[in-house]
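Only one structure is covered here, and it is reproduced in the block below.
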2 protein chains.
Amino acid sequence: MKIVDGGVCAIEGVLAAGACDDEYGVAVIVCKDSDATAVFTSNKIIAAPVILTKNAIQNGKLSAVIANSGNANCFTGDQGIEDGKAMASIVAEELDFNIDDIAVASTGVIGRFMPMNIIGKLINKAIVRLENSSEASKNAAEAIMTTDTYSKEFAVETKLKNGKTIRIGGITKGSGMIAPNMGTMLCFITTDIKATASQLNAALKKAVDASFNMVVVDGDESTNDTVVLMANGKSEESIDENFEKALEYLCCQLARMMAKDGEGATKFMEVEVNGATNTEEARLAAKAVVSSSLVKTALFGADPNWGRIVAAVGYSGSNIDPKLVSVDLESQDKKVNIVDHGIINAFEGTSQLEEAENIMEEKNIRIVIDLGLGNGNATAYGCDLSYDYVSINAEYTT
Amino acid sequence: MKIVDGGVCAIEGVLAAGACDDEYGVAVIVCKDSDATAVFTSNKIIAAPVILTKNAIQNGKLSAVIANSGNANCFTGDQGIEDGKAMASIVAEELDFNIDDIAVASTGVIGRFMPMNIIGKLINKAIVRLENSSEASKNAAEAIMTTDTYSKEFAVETKLKNGKTIRIGGITKGSGMIAPNMGTMLCFITTDIKATASQLNAALKKAVDASFNMVVVDGDESTNDTVVLMANGKSEESIDENFEKALEYLCCQLARMMAKDGEGATKFMEVEVNGATNTEEARLAAKAVVSSSLVKTALFGADPNWGRIVAAVGYSGSNIDPKLVSVDLESQDKKVNIVDHGIINAFEGTSQLEEAENIMEEKNIRIVIDLGLGNGNATAYGCDLSYDYVSINAEYTT
């Protein structure tokens, strides 16, 4: 597997563009005549674009995605549906696509009607800029940013089992929450693999479970979360396990970027759980640790607080035998065992505690937990809980 | 039902005492020859005192509770069990009780051995102070405080169906999390009702589900949470529904105090969900709203952010039809409907938004949500997420 430039435009035939004003952004991604699939928020309140894209994806075909930032088009009733359709129809008309082949996604304020005059103009502006270039992918990634502090894209080239290479590229926007109402995770992925919608769906679900579903910034799940995967088949190569691995890797990289750029985040944490009874329990345990407000504040305070880590595993719902639990802390070049089979190593005055404190001062921290029960493992991605998180989310008043 | 003074000592024959130094506190509550029950944390990591009290309660009898603050006696292995037993045996010997009739509870730092010389002296000091007085109950309540900013006790007198009166009193310590490792919710309740352990257990479980299990400060569940109910039968009256109601009321009052005194809390919120498909779903929805970091920061920022409220209900797991959802905000003397059957009333420029903003400036806020689906209702108790929460939990370094 090789990391390549170009984001969604790393794939032959894919066009992208972004257009923004001070308040709103629009991204267009064209991946013509693709087999496609998508996964969505499981929130029972869903935004108009999610309803529309769920419909559009039913026939397993897409040619483009139209996405905007600044307004989530959620809790906007019939008008919201009309506005979402209008966004898709501009793209369909200008590029001569069937409107059913256009996915729509929105992120931003909820409960406000879309400023369609502004959004319409931005869509037109973006369409004339469409091209296959790294610059174009970056523009699209920037256009969907909200409180993200940097744009997020990633692309890989991988060898299939038959030795042929294929590519996957993606852009995403993060789990930063949006003033005033809510945040959204959007991700658009393109590939030149040849696959049916149902093959793509199986691969995407698996990848999302191991990546975006393992990112926790604050545990609040948006009404608009959408991941779209479009495969234009240009490689003429059929999907195989290596593609699935590469897709999962790409999604994990984008998920890591999202966690690192969590609202107010000053530190990134990766929590790996090994030795769980099964994968599902490993995921429960890893997510409980990255979600814990007490672990998150300890991370912010650079406190190697193994007690909070172990307690979070304890209430996660995963099986646990306290006498089998081990915990390591790791940074890029350091590693220390702080709990070994239920025995605490990092007592006051020990070199282990000193080393643990040094590691907690770093920006990127790995917490590796071994439950000693089975072969289940999982990794979750998160960040600290800082004053800035409170500030970003408290200081806005409607 | 009548609120009375005296906390646990509002009950005839109950003795209480507290003794503290700068770092540790000890409370002793004597309710001799009681039928008794308890409920505990569901965390799979449990502290030594929880293990001991689970054993002690098996025969449905207790004569006293010995509790300490400053050290949770958790993750302390066999030594922890010995130390917990030693605490119970001092009380048993001094007061001539069977050691199996003593419940033990601890709260404070985890993963450190108990300073038994200090704790032992404090227990002896408390025992000589034992008496039946409001002062004594207050001392006990103070002795178990950790980051609580005030002690918490409550007592009620209620008429049974046969017209006779009985009393229930309780002390609790809150959901403030403890430097450095973790918080714990402890509650000790006494009553003069006559009841079997299994009757008490059914009543206590029901009361705890509606009260302490509906309090969310940060969602982290402690390894030490314990609620003990002791009934000394002095009233000679048998348990009935009115007792159950009074017990639930008492627990809800103590739960509210706990939420109000959540770490760093500047505001209290009560979230009432009506019209859910059933009680369980109403509880899921109410708890999702009080737990949401986005709702909590909005509360801190005095932002009537109905979008975050509705989104939290959406991901709670409760059934929801967006078109049937209504949301009211209430303070002591104000009330405004901000969402009416899925239609937003509190748009910019409306008097509803102005009123909603005024309410959000208050210290005690009720969010009343009607899902319009059925008869399920529930209330959850919580607080805002403030800079101080981050500060309290981040700034300690081991």
**Prompt:** Within the range B:260-282, how many residues turn out to be within 16 Å of the chain's Cα centre (by Cα) and part of a helix (DSSP H, G or I)?
**Reply:** 1
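Can you find even one residue in the range B:5-23 that is within 14 Å of chain A (Cβ to nearest Cβ) and surrounded by fewer than 16 Cβ atoms within 10 Å (Cβ to Cβ)?
No, the range B:5-23 has no match at all.
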**Output for the range B:196-207, where each listed residue is surrounded by 21 or more Cβ atoms within 10 Å (Cβ to Cβ) and within 22 Å of B:Leu284 (Cα to Cα)** = B:Ala203, B:Leu204, B:Ala207
**Prompt:** Taking only pairs six or more apart or across chains, which ones have beta-carbon atoms under 9 Å, a first residue in the range B:196-208 that is without any contact (Cβ under 8 Å) to a residue 12 or more places away in the chain and within 14 Å of B:Ala255 (Cα to Cα), and a second residue that is buried (at least 19 other Cβ atoms within 10 Å of the Cβ) and hydroxyl-bearing (Ser, Thr, Tyr)?
**Reply:** none
**Residue selected from the range A:27-47 under the condition modelled with pLDDT of 95 or more and under 29 Å from B:Ala312 (Cβ atoms), by the criterion surrounded by the most Cβ atoms within 10 Å (Cβ to Cβ)** = A:Ala27
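Kindly provide the set of residues from the range A:315-335 that are hydroxyl-bearing (Ser, Thr, Tyr) and more than 9 Å from chain B (Cβ to nearest Cβ), ordered by number.
A:Ser326, A:Ser331
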**Prompt:** Quick check: anything in the range B:71-78 surrounded by 21 or more Cβ atoms within 10 Å (Cβ to Cβ), in contact with a Gly (Cβ under 9 Å, 6 or more places away or on another chain), outside any loop (DSSP other than H, G, I, E, B) and in the same structural domain as B:Val26 (by TED's automatic domain parsing)?
**Reply:** yes
**Asked** Of the residues that sit in the range A:354-398 and are among the aromatic types (Phe, Trp, Tyr) and within 12 Å of chain B (Cβ to nearest Cβ), which one is farthest from A:Ala312 (Cα to Cα)?
**Response** A:Tyr396
**Prompt:** Just for strands (runs of 3 or more DSSP E) wholly inside the range A:302-384: which have at least 3 residues that are in contact (Cβ under 8 Å) with a residue 60 or more places away in the chain and buried (at least 21 other Cβ atoms within 10 Å of the Cβ)?
**Reply:** A:364-370, A:376-383
**Message:** Here is a list: B:Asp321, B:Asp303. Which entry is over 24 Å from the mean Cα position of the chain (by Cα) and either closer than 26 Å to B:Met258 by Cβ or not assigned by TED's automatic domain parsing to the domain that holds B:Val390 (or both)?
**Reply:** B:Asp303
**Request:** Hey, could you check the range B:285-298 for residues that are over 17 Å from A:Leu385 (Cα atoms) and in contact with a strand residue (DSSP E or B) (Cβ under 8 Å, 6 or more places away or on another chain) and say which is farthest from the other protein chains (Cβ to nearest Cβ)?
**Result:** B:Ala286
**Asked** Has the range B:32-49 got any residue that is more than 24 Å from the chain's Cα centre (by Cα) and in a loop (DSSP other than H, G, I, E, B)?
**Response** no
**Fill in**
Here, strands (runs of 3 or more DSSP E) confined to the range A:102-208 with at least 2 residues that are in contact with a strand residue (DSSP E or B) (Cβ under 8 Å, 6 or more places away or on another chain), closer than 30 Å to B:Asp303 by Cβ and within 14 Å of chain B (Cβ to nearest Cβ) are A:102-109
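The values are calculated or read from the model by the stated rules, or taken from the named source; none is laboratory data. As the structure is a computational prediction, the values presented were derived from the model and not from experiment. Note that each Cβ is placed from the backbone with ideal geometry, even for glycine, and that neighbours are counted across all protein chains shown.
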